[in-house]
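The block underneath contains the structure these notes are about, expressed in structure tokens.
Quick note: the coordinates plus some simple rules give every number you see, no bench work behind them. Please read these numbers as outputs of a predicted model, since none were measured by experiment. Here the Cβ positions follow ideal geometry from the backbone for every residue, glycine too, while neighbour counts run over all protein chains shown.
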């Protein structure tokens, strides 16, 4: 297997640009991953760990030049939502669970690679993904309101938590509220008027300096406290705790890991595709699964939590000028320097400032603009997106990702079960238009050209025979030929073949000829294998619609 696909070919000029982009990325991303660690319920330093070995692991084994694989809000929320009731956040037991979930996720992703399941990403539609991320954004945004306002809450259910925050507004901590509002306004103003300045980083540095100088902790503003200095200790000793777990606890962790793996697979593939297409590059989702698996294994090895291909961080890297994974490796080196020499000041960082940064990330996940576009173009898909978001908020993130997958697959199945079909009727200019199937609708007297817009299989074969029967039954004495336009019918299974054979017998008894036109080669192979060609007759298989029409007209033309 080729390594460092996302870095090669390496050129000196490009390498210098990517190295500078990696430094800029570290400056922008360090505050963000600190926020992601809060979403996951992990110690703050583990956010930095996600920018260390996981970045390097994906650079070694992945194929995408642009994808940034590190801590991400979606997978952090899935993990926290799944295990929050099993251990106290940031405790030793909780960290052990994070390690186990990361290892399980890595194994699931590796199995997906071995089974070449990269195509699964195609089945999570953009519509439900927007709804899912919107739900995650709402859930995450609600979860940090208490920190931003200094209001204690007891529940971890978003709706109940929001109610507790609203009920406790009168008891909010004024200095905490003032600091949160100042940081929020500062970052938003910089985004608006000076977008090139890393507002989050500036806000973090300023808040740390002010907290250290004016003793924020002594005035009741909570700070994150001591942060472990130095590089992470490598090891998987947390896996030993699996021995003491019962079957129910292991099943819970497997469920959480599977949910994380599905989100990682789909979101990473979508992000990698977007940036590969934008820069005219190729990307191999199955090779990327190696990189994603290795990155999660590296996260577990370094005491972190699940990592994901992040669309926001990938966009940040592109904005910084990064064109290959060398930029991500440079970011990891910068983070290593921070861990070795600069963790001391982090203990003064106010928790409410991290809450503001997380809140801003949550706002980015709530894509109102795209939801509005979906509503304008497809109200039904909008309803699906909203339903997914509501399930995430009211029920849970894991249930939301399962619903997203099920709904996306259901839409695919529905399209095959209920395809676009109808009777072809000629326009005055000679082109064809498709009109709904109904009694007395014909292409021309005695002839029905019927188009079925999907492969013919066991689930939709009944609909096929119903519609053909519908156009024939009211006038069996006048319809002489039914020609099926098979251009969109790429497959015929055994059940559907038996139904077509039965339809042929019924139409023959009624004095109606059944023919097929514009049949793809793969459908022709299915017809031959199931003996349908023999029953229909080669003379009733036409390569063009006009050939079928000519044969019909010749058959009904009065003999001289």
Computed Rg/Rh of the chain, alpha carbon atoms with Kirkwood Rh: 1.12
Overall form of region 367-411 per C-alpha gyration tensor (a/c, 1.5; a/b vs b/c): oblate
Burial ranking of peptide ranges 305-315, 274-284 (average Cβ count within 10 Å, highest at the top): 305-315, 274-284
Listed peptides 70-78, 443-451, 138-146, 215-223 by packing density, highest first (mean Cβ within 10 Å): 70-78, 138-146, 443-451, 215-223
DSSP beta bridges in region 421-556 [antiparallel fraction, %, rounded to 5]: 40
CD proxy at 222 nm, helix term only [per DSSP H run n ≥ 4: -39500 (n - 2.57); per residue of the chain; nearest 500]: -19500 deg cm²/dmol
Rounded tilt (10° steps) of 126-143 against the dominant C-alpha axis of the chain: 30
Beta bridges per DSSP with both ends in the chain, % antiparallel, nearest 5: 45
Difference of contour (0.36 nm per residue) and Cα-Cα distance, residue 480 to residue 247: 77.3 nm
Fewest-first ranking of 546, 173, using other Cβ atoms within 10 Å as the exposure measure: 546, 173
Residue 178-residue 363 FRET efficiency (beta carbon distance; Förster radius 22 Å; 0.05 resolution): 0.60
Relative contact order computed over the chain (Cα-Cα under 8 Å; 6+ residues apart), in percent: 23
FRET efficiency for residue 255 and residue 509, using Cβ-Cβ distance with R0 set to 60 Å, rounded to 0.05: 0.60
Global size of region 485-560 as Cα Rg and Dmax, reported in angstrom: 13.0, 44
Highest average packing first - 159-165, 105-111, Cβ atoms within 10 Å: 105-111, 159-165
Cα shape, region 21-147, gyration tensor, a/c 1.5 rule: rounded
Packing-based exposure ordering (other Cβ within 10 Å, fewest first) of 250, 120: 250, 120
Quotient of C-alpha Rg and 2.2 N^0.38 Å, computed over region 421-556: 0.96
FRET efficiency for residue 435 and residue 119, using Cβ-Cβ distance with R0 set to 60 Å, rounded to 0.05: 0.95
Cα-Cα pairs of region 205-339 separated by more than 26 Å (percent): 46
Order of 7, 352, 99 under a 10 Å beta carbon neighbour criterion, fewest first: 7, 99, 352
Helix 494-509 vs. the chain, principal-axis angle (Cα, 0 to 90°, nearest 10): 30
Spin-label model distance (nm) - residue 111 vs residue 338, 7 Å beyond Cα toward Cβ: 3.5
Cα-based shape type of region 1-71, given that a ≥ b ≥ c are square roots of the gyration tensor eigenvalues and the cut on a/c is 1.5: oblate
Residue 412 paired with residue 14, simple spin-label distance in nm, labels 7 Å along Cα-to-beta-carbon: 3.4
Nearest 10 degrees, 0 to 90: helix 12-40 Cα axis against the chain principal axis: 80
